[in-house]
Amino acid sequence: VFVASTLINMYIKCGSMEDAWGVFNKMPTRNMVSWTAMIFGLVKCGQGQKALELSQHMLEQGVEPDTFTFVAVLNACASLGSLEEGRRAHEQIRSREWMSDIYICNCLIDMFNKCGSIEDAWGVFDKMPTRNAVSWTTMIMGLLKCRQEKRALELSQQIPWTTLEPDAGIFAVVLKACTSLEALEEGKQVHERIIKLGFESDLLVGSSLVDMYAKCGTMEDAWRVFSKIPKHNVIPWTSMILGLVKSRQGKKALELFQHMQEQGVEPDAFTFVGVLNACASQTSLEEGRHIHEQIIKRGWEYEVFISSSLVDMYGKCGSIEEAWRVFSKMPTQNVISSTAMIMGFVKCGQGEKALELFRRMQLEEMEPD
RNA sequence: UGCUAAGACGCAGGAGC
């Protein structure tokens with residue numbers, strides 16, 4: 001049983017659910033670990049419903065679940081966004097008196113967040129006898145996701161730093177809370193703590209700091225942290241590029257993009273959106289076309305965010321024909337791309353076409369905002 | 001009483017006005 005359970009786990013980690021099933025089905029006896037491993041596997045490959053069914057099946061077979069099993073079940077509920085299933089699992093957990101388990105509580109908070117019930121999440125968080133870094137991170141993240149930024153920042157300020165073992169994740173989310181309100185002062189205090197605890201050059205924490213400073217418009221601070229991150233990936237580069245655009249330094253943003261590529265860092269879709277913003281802000285049509293070519297080369301022309309940015313860029317650079325060429329070929333147009341297109345028409349004095357597109361938008365039941 | 005097999009939670013960058 002131990003060997004088979006390990007095999008199941010290995011197949012799941014390698015992404016082969018079929019092989020895992022093969023082993024599971026051939027097992028003469030299965031224990032809680034083998035069932036739990038399978039439930040996790042189903043959740044990981046997006047089969048939340050099947051995962052719940054399997055856990056039901058497990059109970060029917062008289063196999064007693066443990067806390068690991070319920071972590072898997074809660075993950076399944078979260079992936080389905082099913083508050084009803086989640087509450088049912090919560091009930092079972094209470095009746096088994098597992099509410100003192102920190103993993104269980106953390107998963108409950110995360111599940112309730114993902115099922116859209118921040119108050120259920122709060123109910124769990126508030127009653128926890130002890131909380132760790134994950135508990136705080138998960139709760140603050142939940143508040144941020146449902147746009148309660150102020151509450152998130154207030155909660156961040158209640159973190160018991162002296163008794164908590166911090167990790168990169170908690171710093172990342174606290175900085176995100178500061179960023180969401182452009183609370184630079186609070187952010188700088190967190191930064192001091194980060195330096196004191198030696199997390200500044202951590203990729204995750206450093207990137208969060210760069211992004212915070214970039215969004216708050218203090219590019220000197222962003223630079224300072226950026227240069228201290230030893231192994232940059234594309235994320236902090238993108239934050240820097242967007243920060244420069246936001247601070248009206250589009251030219252520098254384009255230079256930085258150039259520099260990034262010279263360093264052998266591959267841009268991704270996020271980066272291109274930033275770079276297109278830079279071109280738009282500079283109205284540099286030539287540069288924009290050049291970027292467009294690079295996007296085509298990668299086959300990303302019709303990713304929603306990219307197409308909208310292309311439409312916006314061409315519109316702002318006054319090349320309405322090229323804007324239209326991209327817009328008309330978009331697989332799915334939305335309010336944002338349509339608005340960008342309308343603005344383009346307006347900018348070049350084609351008000352009639354703008355109105356025509358507006359009418360067509362409504363015919364296609366696109367809700368204007 | 002202790003040790004001994006297998007499965008566990010959260011976290012960084014993006015489009016129009």
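All of the numbers you see were taken from the coordinates with simple rules; none came from a lab. Keep in mind it's a predicted model, so treat the numbers as computed, not measured. Here the Cβ is made from the backbone with ideal geometry for all residues, glycine too, and neighbour counts use every protein chain on show.
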Practice task
Take the stretch A:133-150 and flag every residue that is surrounded by 18 or more Cβ atoms within 10 Å (Cβ to Cβ) and out of contact with any Ser or Thr (no Cβ under 9 Å at 6 or more places or on another chain).
Solution key: A:Ala133, A:Val134, A:Ser135, A:Thr137, A:Thr138, A:Met139, A:Met141, A:Gly142, A:Leu143
Exercise for the section: Read through the list (1) over 21 Å from the mean Cα position of the chain (by Cα); (2) more than 8 Å from RNA strand B (Cβ to nearest atom); (3) in a helix (DSSP H, G or I), then give the number of the only condition that A:Met240 fails. Expected result: (1)
Practice task
Please work out which residue is farthest from A:Trp98 (Cα to Cα), limiting yourself to the stretch A:124-139 and to residues that are part of a helix (DSSP H, G or I) and within 8 Å of RNA strand B (Cβ to nearest atom).
Solution key: A:Thr137
Fill in the blank from the handout: Those residues of the stretch A:257-282 which are away from RNA strand B (no atom under 12 Å from the Cβ) and of a type in the set (S, T, N, Q) amount to A:Gln258, A:Gln261, A:Gln263, A:Gln282
Exercise for the section: Check whether at least one residue in the stretch A:246-256 is within 11 Å of RNA strand B (Cβ to nearest atom), assigned to a helix (DSSP H, G or I) and within 22 Å of A:Val273 (Cα to Cα), and report yes or no. Expected result: yes
Completion exercise
Condition set surrounded by 13 or more Cβ atoms within 10 Å (Cβ to Cβ) and away from RNA strand B (no atom under 11 Å from the Cβ), scope the stretch A:324-344, selection farthest from A:Glu367 (Cα to Cα): answer is A:Arg325
Completion exercise
Heads up, the helices (runs of 4 or more DSSP H) in the stretch A:29-121 (entirely inside) with at least 2 residues that are over 26 Å from the mean Cα position of the chain (by Cα) and either away from RNA strand B (no atom under 13 Å from the Cβ) or over 29 Å from A:Glu18 (Cβ atoms) (or both) are A:48-60, A:83-95
